[in-house]
Amino acid sequence: MKNYINDTDLLYQIIISKGRGKITKELETMLLLIVNELGKKFIYKNYNDLFDCKGAAILRLFEIWQNFNELKYDKALPYFTEIAKREFAKCYNKLNWIRWDKTYPKLINLDKLNR
């Protein structure tokens with residue numbers, strides 16, 4: 001798989017952004033690119049679900065970009081990709097949740113009734 005973001009550049013932008021106290025335009029572009037590339041890997045029922053999931057992932061990445069510990073980890077791309085992936089899944093599950101406990105009858109074990 002071809003890397004679309006250089007991990008060293010991403011780490012560099014995180015350090016600069018933390019030093020400035022606000023996100024740089026380059027880091028913002030890189031986080032948006034992570035979400036856009038990740039959105040291509042999943043299948044959605046319609047485009048609205050895709051845009052909602054992308055929006056949730058972007059919001060989450062912009063909320064937590066400061067939490068990355070550059071002293072402990074030297075790879076930032078897997079960190080942000082995993083967070084975006086989990087946010088995609090969380091949003092998708094919220095949008096397409098089926099209430100299993102209400103749609104299907106509950107099963108009762110008859111062996112335990114007479115004891």
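The values are calculated or read from the model by the stated rules, or taken from the named source; none is laboratory data. Just so you know, these numbers come straight off a predicted model, no measurement behind them. Glycine gets a Cβ as well: all are built from the backbone with ideal geometry, and neighbour counts include every protein chain shown.
Only residues that are surrounded by fewer than 19 Cβ atoms within 10 Å (Cβ to Cβ) and either of a type outside the set (Val, Ile, Thr) or touching a Pro at 6+ places or on another chain (Cβ under 9 Å) (or both) were counted across the stretch 39-67, and they come to 19.
For the stretch 69-89, the candidate set comprises residues that are crowded, with 19+ Cβ neighbours inside 10 Å and within 16 Å of Ser17 (Cα to Cα); within that set, the residue that is nearest to the chain's Cα centre (by Cα) is Phe80.
Against the conditions (1) outside any loop (DSSP other than H, G, I, E, B); (2) within 15 Å of Leu77 (Cα to Cα), Ile16 satisfies every one except (2). Is there a residue being modelled with pLDDT under 95 and under 23 Å from Asp7 (Cβ atoms) anywhere in the stretch 93-102? No; the residues of the stretch 93-102 include none that is modelled with pLDDT under 95 and under 23 Å from Asp7 (Cβ atoms).
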